[in-house]
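Okay, structure first, notes after.
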Amino acid sequence: MPQSPEIQGYCPVAYFVAGEALEGKPEFSASHEGKLYYFVSDEAKQEFEKAPEKYIPAYAGQCAFGMSIEKEFEPCPKHFKIIDDKLYLFLHNDDTDALALWNKEDESKCLANADKNWAALQTATDAS
């Protein structure tokens, strides 16, 4: 089973509990919808198993800023933001800090655009 590519082995629960990206351990793993997730502890794994949708990144892990401008960017799991109890990931490389770009914009407009674009992408994917 493939490891969850969007968070690259980082613990999805730690983003919420610790407020930072912490690498999970293979001995604490669980699968959800065909993806394997690693956790920092058995407690974190159990928390995830109670409500996985709470911890899975928005937009199937696509960069939230990219989604707001109708682009698909691979995110960096260390660059994230929790908004209304949802995890959003952002591209970060030598050229682009998408979280900084997001934070310069009106967040409610970015979210609305990203949600609209994600819904359109899902509809297009479902139709094919």
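When only the Cβ of Lys, Arg, Asp and Glu is charged (+1, +1, -1, -1), the dipole of the chain relative to its Cα centre reaches about 100 debye. Just to confirm the number: angle between the C-alpha axis of helix 107-127 and the first principal axis of the chain, 0 to 90 degrees, nearest 10? Approximately 80 degrees, to the nearest ten.
Dividing the summed helix terms, -39500 (n - 2.57) for each DSSP H run of n ≥ 4, by the number of residues in the chain produces a 222 nm estimate of -11500 deg cm²/dmol to the nearest 500. Straightening the chain between Glu105 and Ile82 buys 6.7 nm, computed as 0.36 nm per residue apart minus the Cα-Cα spacing.
The mean accessible area for residues of the chain, using a 1.4 Å probe and ignoring ligands and nucleic acids, is 56 Å² per residue.
Protein heavy-atom surface of the chain, 1.4 angstrom probe: 48% of the accessible area is carbon and sulfur, with nucleic acids and ligands not counted. Just so you know, the averaged projected area of the alpha carbon convex hull for the stretch 66-125 sits at 4.3 nm². Where (i) 109, 26, 21; (ii) 38, 34, 27; (iii) 68, 28, 23 are the candidate values, the label of the one calculated here for Cα extents along the principal axes in Å is (ii). Rounded to the nearest 10 square angstrom, Asp84 shows an accessible area of 140 square angstrom against a 1.4 Å probe.
The relative contact order of the stretch 34-128 comes to 25 percent, based on Cα pairs under 8 Å that sit 6 or more residues apart.
With every protein chain in place and a 1.4 angstrom probe, the accessible-area ranking of Thr123, Thr96, largest first, reads Thr123, Thr96. Pairs of lysines in the stretch 16-125 whose Cα atoms sit within less than 16 Å of one another amount to 13, provided the residues are eight or more positions apart or on different chains. Shown here: the stretch 8-64, whose C-alpha atoms stretch 28, 25, 19 Å along the first, second and third principal axes, sorted largest to smallest.
The values are calculated or read from the model by the stated rules, or taken from the named source; none is laboratory data. Quick caveat, the model's predicted, so the values are computed rather than measured. Methodologically, a virtual Cβ is constructed for each residue, glycine included, from the backbone with ideal geometry; neighbour enumeration extends over all protein chains shown. Protein only, heavy atoms only, side chains kept; ligands, DNA and RNA dropped before computing areas. Shrake-Rupley method; radii C 1.70, N 1.55, O 1.52, S 1.80 Å.
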